[in-house]
Structure formats: C-alpha cells, structure tokens
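Every number in this text was worked out from the coordinates using simple rules, so none of it is lab data. This structure is a prediction, so every number in the text was calculated from the model and none was measured. Don't worry about glycine lacking a Cβ; one is built from the backbone with ideal geometry, like all the others, and counts go over all protein chains shown.
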Amino acid sequence: MHWRWRTGRYFMSRFTTHEREAAKLASIGYIALPAAIGSTAMAVLVALFTFFDSDAGVWLRYVVAVVSVVFLGSGVWLAKESWRPTKRRTPEWARRL
C-alpha cells in the first residue's frame, strides 16, 4: 500500500484519473495529520474541563498547559501545511505537478 501511494497508483486508480487531482488528495493526507492531532488535543481539553474542577490541583494546570501547547502547535502546523506543503515528504509524482 505504501509503494502504491508513493508511486501515485493508489490515488490514480481509486479516486481519480487526473494527476493534479491525485496530487491534491495526497496533500490533503498531509493536512489531515495535524488536524487529527489538534482534534484529539481539543477532545482531551474538553474532557479535562468536564471531569475535573478548577481546584483539582497543580497537576491539572500542567496537563492543560501541555495539551494546550500541543493544540496550538498542531494548529500552526495545519496552517503551514495548508499554505505551503512540505516538499521533502511529498512523493516524486506530486512534486512534478
């Protein structure tokens, strides 16, 4: 499966017949990773605020701070990948387009 994705055959055979559309789908795959990390961090934050009081202790503040940094970092990464995708991880067939 990895080989099919790296060569572009997975996208070309399964989702589209045009190379530019296949390259766009590959870039959406790179955008989905930081979005998934950010969504998970937001779900953890909501769970922490739902199940614990604000007087739960210092450990809760540290956990909330770390998860908030992860959430904000994934948002920055998401914006960066949306605006200018990383060329180093882009497959060769998508670089040519």
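Express in nm, to one decimal, how much length is gained between Ala65 and Arg84 on full extension, taking 0.36 nm for each residue of separation and deducting their alpha carbon distance. Can you show the working numbers first?
Numbers: separation 19, 0.36 × 19 = 6.84 nm, distance 2.81 nm.
Length gained, Ala65 through Arg84: 4.0 nm.
Between Val76 and Val58, the modelled label-to-label distance comes to 2.7 nm, taking each label 7 Å out from Cα in the direction of the beta carbon.
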